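Input: a single structure, listed below in structure tokens.
The values are calculated or read from the model by the stated rules, or taken from the named source; none is laboratory data. All values derive from a computational prediction rather than experimental measurement. A quick note on method: Cβ atoms are made from the backbone with ideal geometry, for glycine too, and the neighbour counts reach across all protein chains shown.
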Amino acid sequence: MNYINKIRNILTHLDNSIRFKQPFSLIRFGDGGIKVIHAFIFNDREQLVTISKKEGIPLGKYPMLMNGWAQAATYADYIDTQEMYFDGRFWPRVRTAKKGMTKKTKERMEMWSDLYGRVEFKNYNYCNPESNYLSVIRVDGWRNILDIMKGRKVCIITAKPKIKSVLLDRGYDVEVVKIVGHYKNQYKNSYDKTMEYIEQNANSYDLFLCCAGELGRIYSGHIKKCGGRCFDLGYIAEFWCGESIHPRLKPFLIRSINNFLELKLTDFGRRYIGNI
């Protein structure tokens, strides 16, 4: 059984990395990344075409993507593991409150360790795949990512530029690097510009928050390589812009009535607090 770092310890590490200007990255691959790796390794062209259209990655760029992921994962401070969905340490991975994973998704996720090895992810410092959601939970006595952002200069890589005004209105010092969204050819329209921006500005911010899908994992790795600090926040960008969390999380998490930007554990979710 692999050790999985708790979110409050990860955020303390991040806070210290900002304070002492040390490079940092947390990168989550999740079930989406697992499906990409599986499709690439086993030449599942139908799956790759589907992903390519959504994420805007040309089919010919998948070797580049896998190489970039391997470098980013190996160099990261934390990468996620799917293990805790299958050993009882964490709430189950479901589609909705009443529907479990599809057989295909479950089979792919159970292969996570083998797939990581096949694409040479040489990193065993694991975090929870839900670290993005866990990082905005409000629990008495814990600091969350919003606490760490206070008084810091933050850059968010996202297709949701509205997030800038949302956070500025709440007193955060935020800049946005806008990328195109799903089905809009992110590699062609955003990749080079984003990588160039990172190279020029990695040390201009205390923290980068990356909300950029499959290519975002390369951005996160590049930020750390250039000396910056990056936390993979994923769909929290949409949550902060007012969208609901995924239905699979609703038995465990709810939006806080005290702070629009935070989540709270439900009674059912609190059962897992010891492993969060």
Query raised in the report: Name the residues in region 88-111 that are in a loop (DSSP other than H, G, I, E, B) and either of a type in the set (A, V, I, L, M, F, W, C) or surrounded by fewer than 11 Cβ atoms within 10 Å (Cβ to Cβ) (or both), would you?
Result: 88, 90, 91, 97, 98, 101, 102, 111
Query raised in the report: If the Cβ limit is 8 Å and pairs must be 6+ apart or interchain, which residue in region 36-53 that is under 14 Å from residue 65 (Cα atoms) pairs with which residue that is of a type in the set (Ser, Thr, Tyr) and buried (at least 20 other Cβ atoms within 10 Å of the Cβ)?
Result: 37/116
**Report entry** Output for region 1-57, where each listed residue is in a helix (DSSP H, G or I) and touching a Gly at 6+ places or on another chain (Cβ under 7 Å)
**Finding:** 55
**Report entry** Residue in region 91-122 that is farthest from residue 272 (Cα to Cα), counting only those that are modelled with pLDDT of 95 or more and under 18 Å from the mean Cα position of the chain (by Cα)
**Finding:** 121
Query raised in the report: Just checking, which of 65, 134 is over 22 Å from residue 183 (Cβ atoms), within 17 Å of the chain's Cα centre (by Cα) and not acidic (Asp, Glu)?
Result: 134
Query raised in the report: Residues that are at pLDDT 95 or above, surrounded by 15 or more Cβ atoms within 10 Å (Cβ to Cβ) and aromatic (Phe, Trp, Tyr): which helices (runs of 4 or more DSSP H) entirely in region 160-276 hold 1 or more of them?
Result: 192-201, 213-225, 236-240
